[in-house]
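Here the structure is laid out as structure tokens; the discussion comes afterwards.
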Amino acid sequence: MIEKDVVIIGGGAAGLFCAFEAGKRGRKVSVLEHADRVGKKIAISGGGRCNFTNLLTSADNFISTNPHFCKSALARYTPADFVSLVEKHGIAYHEKKLGQLFCDGNSREIIEMLLTEARGAGVEILCGSLVRGVEKNGRFEIRTNNGDFNSRSLVVASGGLSVPPLGATDFGYRLARQFGLTIVDPWPALVPFTLARETLGELAPLSGISLDSSVACQGKQFRENILITHRGLSGPAVLQVSSYWRAGLGVTINLLPQHDAAKFLREPENREITLANVLSQFLPRRFAVAWCALNFPSQPLKRYTPAQLEEVAQRLSHWQIIPAGTEGYKKAEVTAGGISTAELSSQTMEVKSVPGLYFIGEVVDVTGQLGGYNFQWAWASGYAAGQSV
Ligand SMILES: Cc1cc2nc3c(=O)[nH]c(=O)nc-3n(C[C@H](O)[C@H](O)[C@H](O)COP(=O)(O)OP(=O)(O)OC[C@H]3O[C@@H](n4cnc5c(N)ncnc54)[C@H](O)[C@@H]3O)c2cc1C
């Protein structure tokens, strides 16, 4: 038996952060990572530049059955705290937009920073570790191919189900079930939509076109780009609403968020011009033509009745799409749902009914919007547990 104070399962953002925070407090810590290296998601995050936090982080940026749960951890470890750490390591960064901070260079700098901190805190990291079983007999016993560990605290930081090739597993949920904990059924979030054949037939040939739009679902609205893909719709605005979408629900797209469609459709100088040509003044031409094919046959505006023009204007600002589905965990940036926050202390992330057992990061039912919030949750929840284990 290898004796430790803390064993952490999962060497991603939350696990590594928690590890060195605990190590700094003098705890003997091992991180068990089943992949051949740690931090694979950090490496590809933010298009290779890691959107490592968001300066505007608040509880409103998270989806959870209990929207208040994340407040305590987020208040104790803030974006400014993480920025200080990044600056201490001399990593250059910039704000891209809306408070989103990215590395100027490469995401690997963030991984290197976490590993440097972990080394400094005496953390042991064991890649290629397969956990075969966990039991609690007073202390935790963790059987692995790298030996059997015995620890006072066990931290589960194994992430969600998104992007299996990067190491995602359902380990955290299985362990939670073993200890009788409630799980909020997970679903893929920050994920592109797929569309039904009829809509896709017109839109797929336009794949690659992106439009500044406002997209809404379930009372949440996001103004950013949407991107047409071979299978449906993506782009930041679509990814954002996807987290709130459920099968069968419609999504409303305002294609002209900065224009008054009703007004320009009534302009006398547009009367002789076809609808597709008028729309081409505001939208990419190929998209305008496809949108007309899906919605209204394009003809000179004078041939529409005033009521029909009202309807065109209404549909331009409230274009209803019912996605056929999403691209699922293969493409989802995160997994929403997870270990019920009702099971955990919001101060420490410790399971109330199982002293010494902790869940942190994406495996918990706290999911950030797009824009650096998911990493901020990983750091903050890792910090909270790191101060307690
Ligand atoms: C393509 C992509 C881009 C993203 N970009 C951003 C971004 O720019 N900004 C942002 O805030 N968020 C981004 N995210 C989300 C962010 O990466 C995650 O929310 C964050 O990494 C979650 O941290 P975590 O430590 O909980 O889980 P992870 O980082 O996923 O780490 C979990 C670790 O546990 C390991 N593991 C799993 N099962 C086991 C097991 N059974 N035994 C041992 N180890 C196991 C995994 O291999 C992994 O290393 C992105 C996600 C993706 C997929």
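The values are calculated or read from the model by the stated rules, or taken from the named source; none is laboratory data. Note that the structure is a prediction, hence the values are computed from the model and not measured. No Cβ is skipped: glycine too gets one built from the backbone with ideal geometry, and neighbour counts run over all protein chains shown.
Which residues, counting only those in segment 40-66, are on the phi > 0 side of the Ramachandran plot and assigned to a helix (DSSP H, G or I)?
Result: GLY46, GLY47, GLY48.
For ILE2, the conditions (1) within 11 Å of the ligand (Cβ to nearest atom); (2) surrounded by fewer than 21 Cβ atoms within 10 Å (Cβ to Cβ) are fulfilled apart from (1).
So which residues in segment 37-79 are of a type in the set (Lys, Arg) and within 15 Å of the ligand (Cβ to nearest atom)?
As a first pass, look at segment 37-79 and keep what is of a type in the set (Lys, Arg): 37, 40-41, 49, 71, 76.
Hits for segment 37-79 are ARG37, LYS40, LYS41, ARG49.
Take the conditions surrounded by fewer than 22 Cβ atoms within 10 Å (Cβ to Cβ) and under 16 Å from the mean Cα position of the chain (by Cα) and apply them to GLY48. Does it pass? Criteria met by GLY48. Any residue at all in segment 101-114 that's within 22 Å of PHE359 (Cβ to Cβ), acidic (Asp, Glu) and modelled with pLDDT of 95 or more? No, segment 101-114 contains no residue that is within 22 Å of PHE359 (Cβ to Cβ), acidic (Asp, Glu) and modelled with pLDDT of 95 or more.
Within segment 167-191, being within 12 Å of the ligand (Cβ to nearest atom), touching a helix residue (DSSP H, G or I) at 6+ places or on another chain (Cβ under 9 Å) and closer than 26 Å to ALA247 by Cα holds for ALA168, PHE171, GLY172, TYR173, PRO188, ALA189, LEU190, VAL191. Among the residues of segment 325-343, those that are out of contact with any strand residue (DSSP E or B) (no Cβ under 6 Å at 6 or more places or on another chain) and within 17 Å of VAL156 (Cβ to Cβ) comprise THR341, ALA342.
For PHE69, state whether it is surrounded by 20 or more Cβ atoms within 10 Å (Cβ to Cβ), not acidic (Asp, Glu) and not in a loop (DSSP other than H, G, I, E, B). First the steps, then the outcome.
Details: surrounded by 20 or more Cβ atoms within 10 Å (Cβ to Cβ): yes; not acidic (Asp, Glu): yes; not in a loop (DSSP other than H, G, I, E, B): no.
Considered against the rule, which asks whether it is surrounded by 20 or more Cβ atoms within 10 Å (Cβ to Cβ), not acidic (Asp, Glu) and not in a loop (DSSP other than H, G, I, E, B), PHE69 comes out as no.
Output the residues belonging to segment 330-378 that are near the ligand (Cβ under 9 Å from one of its atoms), part of a helix (DSSP H, G or I) and farther than 17 Å from TYR244 by Cα. Within segment 330-378, GLY361, VAL363, PHE375, GLN376, TRP377, ALA378 qualify. Candidates ILE110, ILE125: the one that is crowded, with 20+ Cβ neighbours inside 10 Å, under 14 Å from GLY10 (Cα atoms) and in contact (Cβ under 8 Å) with a residue 40 or more places away in the chain is ILE125. Any chance segment 206-225 includes a residue that's modelled with pLDDT under 95, of a type outside the set (D, E, K, R) and more than 30 Å from PRO186 (Cα to Cα)? Yes: one or more hits. Candidates GLY147, GLY138: the one that is surrounded by fewer than 15 Cβ atoms within 10 Å (Cβ to Cβ), over 29 Å from the mean Cα position of the chain (by Cα) and closer than 16 Å to LEU357 by Cα is GLY138.
When GLY356, GLY368, GLY338, GLY328 are screened for being buried (at least 24 other Cβ atoms within 10 Å of the Cβ), at pLDDT 95 or above and at positive phi, only GLY338 passes.
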